[in-house]
Amino acid sequence: MKSAVILFPGINRENDAIAALEQATGTKPVVVWHGETELPKTDIIMVPGGFSYGDYLRCGAMAAKSPIMRAVAERAKAGVTILGVCNGFQILTEAGLLPGALMRNASLKFICKNTHLKIENADTRFTNQYQAGDVVDYPVAHHDGNFFADSETLDRLEGEGRVILRYCDANGVVDPATNLNGSQRNIAGIINEAGNVLGMMPHPENAIDPLHGGTDGRNLFKSLVEAAS
Amino acid sequence: MSAIDFNTPITPELVKEHGLNEEEYNLVLEIMGREPNINELGIFSVMWSEHCSYKSSKKWLKTLPTKADWVIQGPGENAGVIDIGDGQAAVFKMESHNHPSFIEPYQGAATGVGGIMRDVFTMGARPIANLNALRFGEADHPKTSHLLSGVVEGIGGYGNCMGVPTIGGETNFHASYNGNILVNAMTVGLADADNIFYSAAAGIGNPVVYVGSKTGRDGIHGATMASAEFDDDSEEKRPTVQVGDPFTEKLLLEACLELMATDMIVAIQDMGAAGLTSSSFEMASKGGVGVELWLDKVPMREEGMTPYELMLSESQERMLMVLKPGCEDAAKAIFDKWELDFAVIGVLTDTKRMVLKWHGDVAGDLPIDPLAEASPEYDRPWEPTPKQDRIDPNSISAKVSHVDALKTLIASPDLASRRWIWEQYDHLVMGNTIVRPGGDAGVVRVQGTNKGIAATTDCTPRYVMADPVEGGKQAVAEAYRNLVATGAKPLAITDNMNFGNPERPRIMGQFVGACQGIGEACIALEFPVVSGNVSLYNETNGVGIMPTPAIGGVGVISDLGHHATIGIKRDDSALIMIGAATGELGQSLYLKTIEGREEGAPPPVDLNAEKRAGTLVRELIELGLVRTCHDIADGGLLVTVAEMCLAGNIGADLHLPEAGSEVAWLFGEDQGRYVIATRDPDKVLNAAGSSNVAAVIIGQAGGDSVAIDGGDKVSLAELRELNEGWMPSFMAEAVQ
């Protein structure tokens with residue numbers, strides 16, 4: 001099982017991503033510099049979190065124009081599994097691989113804490129190790145995680161089962177009080193139409209070790225491996 | 001200042017504006033053998049500023065203990081370095097950015113964080129943890145919420161972008177900081193013990209290389225500003241505050257570490273306070289060499305910059321290096337990849353002089369050693385702080401119930417939860433955070449091992465104010481205790497000495513006393529000082545801050561399988577107090593908050609008892625007998641237990657002693673104590689007995705409230721609301 005992690009200037013959670021992929025696949029992922037134009041052949045591509053280009057202009061906007069993103073888009077079209085976390089999610093939306101946009105948190109503040117998430121669709125290559133309705137606990141760490149799309153797009157995402165994760169409480173209650181950052185319909189993660197690209201704000205890669213205080217994130221990476229093998 | 005050019009005549013007014021007194025200027029004339037030109041005067045000014053020269057504090061800093069078997073590098077470099085075993089080293093330092101943060105809180109705090117991280121990665125270490133020690137004015141002062149909000153955003157804005165977790169710190173509010181807040185930032189880095197980089201330049205003819213951001217006009221005379229008192233016009237100094245660019249610093253970090261993995265660097269120094277001046281002088285002075293700088297080659301952000309501005313700019317995210325000859329192209333390729341400027345701006349010479357060239361002409365020519373090493377050193381007159389009487393515990397009778405006192409204390413600005421602050425910091429990035437903020441010390445795992453590094457910042461300024469010697473001891477002892485409470489072996493400290501105007505004998509006496517106390521504690525606890533920073537003149541309109549020697553402590557947990565956190569984990573555990581209760585209410589938060597009195601002698605620190613208790617607690621944790629531990633600090637025993645209950649979401653019932661003052665038992669801030677939870681109390685009591693450490697069962701964990709002898713109680717839900725509610729509502733009200 002091979003995986004790749006894309007590195008843009010200013011990305012800072014690449015080692016967290018590498019650790020999670022290595023734990024799940026048994027092999028260290030290849031790190032690909034943003035200036036490259038070709039990707040090695042891999043089963044999984046992960047776009048990690050951080051502050052690519054310092055979040056200047058707009059989160060993810062400049063990284064989305066990097067040379068490597070053309071190759072990433074081609075792989076997305078070819079059906080390769082692509083996971084974008086946090087800044088990675090922002091980059092994938094800016095690159096047009098996922099719909100919607102991530103705006104400033106409703107609180108206008110950076111938020112770093114653990115949050116409960118409801119697995120809305122377990123029938124995907126990212127969530128097959130969970131049951132629909134499961135409540136998991138991952139950390140978030142972002143300033144701009146407030147998911148926005150027009151209501152037509154949102155209805156379509158819902159209708160096609162493409163909302164994968166929602167902010168909720170420990171009992172799975174999804175309502176305005178459990179909406180961490182002001183996201184439309186509490187959305188924390190979505191997939192593309194073909195189901196091979198997931199973007200999410202929370203960090204499953206920071207919940208893979210008992211010393212992290214929880215291991216709920218492991219099954220997300222296990223799902224990728226399960227689906228690709 | 002931009003009007004200053006080469007031919008500016010040197011008038012007495014200009015000398016005064018540069019912060020040099022008559023005596024100092026006479027020394028300048030003596031060293032130069034002639035009148036300096038404006039560029040040279042500017043260099044003397046910043047090099048001899050309090051901030052860069054430590055002229056008032058040097059005499060006393062020299063008395064601090066700095067050695068231990070595990071110390072690789074003590075004070076004098078960019079940061080201290082200690083051996084943490086397995087061929088690895090921890091590199092750390094704490095530094096203040098007080099004046100800039102008061103003038104421009106976001107940028108002041110952000111560049112403080114950027115500067116301290118640069119100090120650490122200059123030494124070859126990857127930063128793995130940030131902490132910050134913050135002091136603000138009283139909560140209802142009109143500026144406090146604005147400053148707090150800006151400082152926290154600035155720290156987060158820089159640290160979060162750099163991808164370094166902010167794992168701990170402390171925040172105090174007190175009227176003495178109304179006009180002069182303190183922002184002390186600490187960074188801990190990890191390096192290979194055999195690949196530490198130093199600043200001493202060597203190799204005549206070797207190239208002097210500038211990397212990082214371009215130089216602009218920001219921060220000119222920042223070091224001089226940091227060496228003067230404030231007045232009502234200080235806000236006009238806004239242009240002297242630097243602007244930070246964490247994205248560029250992240251690139252600089254990666255580029256430097258990539259270069260450091262090769263064998264091309266002879267010496268490296270970051271450009272911090274006094275920028276190119278202090279970095280070039282320090283490198284040359286330490287190496288005993290001369291430098292010729294070609295200032296027209298410095299990458300510039302603005303047009304029309306002068307040699308004066310280039311030497312004094314404090315633009316951020318810049319480094320100066322001496323490379324091995326012939327390495328320029330290979331080194332440049334690394335900086336090109338990271339899209340950073342790289343310029344050869346000079347050469348090492350054997351003249352021991354700093355010669356500044358500007359398009360071929362000499363713009364300055366100064367001897368290096370007299371400036372860097374022979375800067376003035378003062379033995380300022382000082383007065384000891386008069387001792388205050390101990391508060392007799394029996395003189396305080398409870399005016400409210402103990403539980404009501406707890407409720408008031410835990411919702412007070414001094415003790416309310418700081419969650420509002422630390423949730424704005426990414427404390428999890430790097431995936432190695434094991435103990436998060438909100439406990440005694442933050443703990444990060446050493447990547448790829450089962451070893452942890454614990455770090456904390458501590459100082460109780462009201463104790464130092466009342467008795468600088470005991471207060472100095474206490475700051476070190478509390479740092480020691482906070483590390484021990486996680487299971488770490490405390491190894492070394494960095495000190496950030498924040499004081500008022502040293503020209504006042506009373507203030508200088510606080511400094512001298514604190515140094516004495518810190519020194520005594522360091523020796524007794526085998527906890528040497530390896531780096532530090534002094535910030536004086538923290539006064540506005542003649543009102544000084546409380547003396548605040550913030551101590552940053554670092555320790556190592558050899559096996560993370562055995563570490564402790566403050567939250568109670570099982571409801572069938574006994575609660576044991578380790579260390580002796582003596583009933584010290586002087587300077588306690590109970591006295592301040594409930595009685596409205598800030599007085600009395602602070603709790604004395606028995607350093608031998610501290611060491612015995614610390615060693616015992618660490619051993620109990622290492623043996624796996626204890627997983628829950630919290631030191632007893634601000635607020636005393638009852639507050640400590642309440643914090644443990646809130647963190648673990650399990651209640652407790654405390655027993656009152658049969659005799660003696662209940663108030664002193666529950667709220668005294670006697671030092672050298674911990675509360676632990678254990679299911680095997682006999683083993684713990686026996687171990688304490690054979691270590692000659694006082695230990696007594698003080699209660700039982702269980703239930704969903706904090707109760708006293710089964711009666712007077714408060715539910716955890718109510719307590720949590722009180723504790724968590726204060727800061728968010730304070731900040732929300734302030735916005736409106």
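The values are calculated or read from the model by the stated rules, or taken from the named source; none is laboratory data. Just so you know, these numbers come straight off a predicted model, no measurement behind them. With ideal geometry, Cβ positions are generated from the backbone for all residues, glycine too; neighbour counts draw on all protein chains shown.
Summary of values
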item	result
Yes/no for B:A330 being aliphatic (A, V, I, L, M), more than 28 Å from B:P468 (Cα to Cα) and over 35 Å from the mean Cα position of the chain (by Cα)	yes
Filter result for B:D712 (under 30 Å from B:G137 (Cα atoms) and touching a residue at least 60 places away in the same chain (Cβ under 8 Å))	no
Residue, farthest from the other protein chains (Cβ to nearest Cβ), within the range B:253-271, restricted to residues that are assigned to a loop (DSSP other than H, G, I, E, B) and surrounded by fewer than 24 Cβ atoms within 10 Å (Cβ to Cβ)	B:D263
Considering residues of the range B:311-365 that are in contact with a strand residue (DSSP E or B) (Cβ under 8 Å, 6 or more places away or on another chain) and of a type in the set (S, T, N, Q) only, the residue farthest from the other protein chains (Cβ to nearest Cβ)	B:T351
Conditions (1) touching a residue at least 12 places away in the same chain (Cβ under 8 Å); (2) assigned to a helix (DSSP H, G or I); (3) over 23 Å from B:Q269 (Cβ atoms); number of the one not met by B:I31	(3)
Matching residues, the range B:292-306, being at pLDDT below 95 and of a type outside the set (D, E, K, R)	B:G304, B:M305, B:T306
Top-ranked residue in the range A:117-154 [being crowded, with 17+ Cβ neighbours inside 10 Å and acidic (D, E); ranked as farthest from the other protein chains (Cβ to nearest Cβ)]	A:E120
Those residues of the range B:243-252 which are more than 10 Å from chain A (Cβ to nearest Cβ) and assigned to a helix (DSSP H, G or I), in sequence order	B:L252
Among (1) loosely packed, with under 14 Cβ neighbours inside 10 Å; (2) under 30 Å from B:Y463 (Cβ atoms), the one test that B:V684 misses	(1)
Strands (runs of 3 or more DSSP E) wholly inside the range B:343-453 that include at least 2 residues being closer than 30 Å to A:D144 by Cα	B:433-435, B:442-445
Residue match in the range B:281-302 (condition: within 14 Å of chain A (Cβ to nearest Cβ) and either at negative phi or assigned to a strand (DSSP E or B) (or both))	no
Qualifying positions in the range A:186-220 - under 14 Å from the mean Cα position of the chain (by Cα) and β-branched (V, I, T)	A:I187, A:I190, A:I191, A:V197
Check on A:V5, within 14 Å of another protein chain (Cβ to nearest Cβ), touching a strand residue (DSSP E or B) at 6+ places or on another chain (Cβ under 7 Å) and within 30 Å of A:L211 (Cβ to Cβ)	yes
Options B:M123, B:M162: the member that is under 24 Å from B:D218 (Cβ atoms), buried (at least 23 other Cβ atoms within 10 Å of the Cβ) and more than 16 Å from the chain's Cα centre (by Cα)	B:M162
Positions within the range A:148-166 being under 22 Å from A:A17 (Cα atoms) and not basic (K, R), in sequence order	A:I164, A:L165
Count of residues meeting criterion [aliphatic (A, V, I, L, M) and part of a strand (DSSP E or B)] in the range B:73-132	9
Exclusive hit being surrounded by fewer than 24 Cβ atoms within 10 Å (Cβ to Cβ), under 27 Å from B:D119 (Cα atoms) and not basic (K, R), set B:E526, B:E503, B:E478	B:E526
Flag if A:G182 is part of a loop (DSSP other than H, G, I, E, B) and either within 14 Å of chain B (Cβ to nearest Cβ) or at pLDDT 95 or above (or both)	yes
A:G54 being more than 12 Å from every other protein chain (Cβ to nearest Cβ) and either in a loop (DSSP other than H, G, I, E, B) or not acidic (D, E) (or both)	no
Some residue of the range A:100-112 being within 14 Å of chain B (Cβ to nearest Cβ), at pLDDT 95 or above and touching a Pro at 6+ places or on another chain (Cβ under 9 Å)	yes
Which listed residue is in contact (Cβ under 8 Å) with a residue 40 or more places away in the chain, in contact with a His (Cβ under 7 Å, 6 or more places away or on another chain) and not hydrophobic (A, V, I, L, M, F, W, C), from B:G85, B:G112, B:G80, B:G74	B:G112
From the options A:N179, A:N186, A:N192, A:N206, residue that is closer than 14 Å to A:T124 by Cβ and either among the β-branched types (V, I, T) or touching a helix residue (DSSP H, G or I) at 6+ places or on another chain (Cβ under 8 Å) (or both)	A:N192
Index of the failed condition, A:F89 passing every other in (1) of a type outside the set (S, T, N, Q); (2) more than 14 Å from every other protein chain (Cβ to nearest Cβ); (3) over 14 Å from A:H142 (Cα atoms)	(3)
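Table: residues versus (1) in a strand (DSSP E or B); (2) away from every other protein chain (no Cβ under 14 Å).
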site	(1), (2)
A:I18	no, no
A:V31	yes, no
A:C59	no, no
A:G79	no, yes
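Yes/no per residue for (1) surrounded by fewer than 23 Cβ atoms within 10 Å (Cβ to Cβ); (2) part of a helix (DSSP H, G or I); (3) touching a residue at least 40 places away in the same chain (Cβ under 8 Å); (4) of a type in the set (A, V, I, L, M):
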position	(1), (2), (3), (4)
B:T582	yes, no, yes, no
B:Y590	no, yes, yes, no
B:E598	yes, no, yes, no
B:G614	no, yes, yes, no
B:E619	yes, yes, yes, no
